[in-house]
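Down below is the structure, laid out as structure tokens.
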Amino acid sequence: MGMPKSQFKVYGETRSYAVRGISGLNAIRHFCPSCGSLLFGTPEAVPHAVIICVGTLDEPSVFQPQAVMFKRDRHAWDLTAGALPEFEMMPPAANERG
């Protein structure tokens, strides 16, 4: 789940690890220093965004999806329920917002 970095706050300690993303820039993965659970990511390709691992939320059902990104990477059995807009990669408008 993506959201503007300006609306995101972290309370507590995290550790991070950088991997090269498909853009050629780093994708920084932030995780719990105690158990190692992946919490969120801060991709250098979209510096104004935070990508949250929805499974870490207390109430993930509160958030409703608005679009599907990186459709090209999903498996044949991974189908979207409903009529969400779908993008093969990151939509250009998402890259340009700040």
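At-a-glance table
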{"quantity": "For the range 8-15, Karplus couplings with θ = phi - 60° (6.51, -1.76, 1.60), whole Hz, Gly/Pro x", "calculated": "10, 10, 10, 10, x, 8, 9, 10"}
{"quantity": "Contact order relative to length of the chain, as percent, for alpha carbon pairs under 8 angstrom and 6 or more apart", "calculated": "21"}
{"quantity": "Test item: Cα-centred dipole of the chain, Lys/Arg +1 and Asp/Glu -1 on Cβ, debye", "calculated": "220"}
{"quantity": "Positive-pole candidate from S6, L25, V50, dipole of the range 2-96, charges at beta carbon", "calculated": "L25"}
{"quantity": "For V68, distant residues with modelled amide H under 5 Å away", "calculated": "E86, F87"}
{"quantity": "Helical contribution to [θ] at 222 nm, DSSP H n ≥ 4, -39,500 (n - 2.57), averaged over the chain, rounded to 500", "calculated": "-1000 deg cm²/dmol"}
{"quantity": "Hz values of 3J(HN,Hα) by residue in the range 28-34 - Karplus curve (6.51, -1.76, 1.60), Gly and Pro given as x", "calculated": "8, 9, 10, 9, 6, x, 8"}
{"quantity": "Extension reserve of the Y17-H75 stretch, reckoned as 0.36 nm per residue once the Cα distance is removed", "calculated": "18.3 nm"}
{"quantity": "Reported label for calculated Cα extents along the principal axes in Å given (1) 38, 32, 27; (2) 45, 25, 20; (3) 39, 29, 18", "calculated": "(1)"}
{"quantity": "Residues whose placed amide H lies under 5 Å from that of A49, excluding near-sequence neighbours", "calculated": "K5"}
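FYI, it's all coordinate maths here, none of it is from the lab. Everything numeric here is computed off the predicted structure, so don't read it as measured data. Glycine gets a Cβ as well: all are built from the backbone with ideal geometry, and neighbour counts include every protein chain shown.
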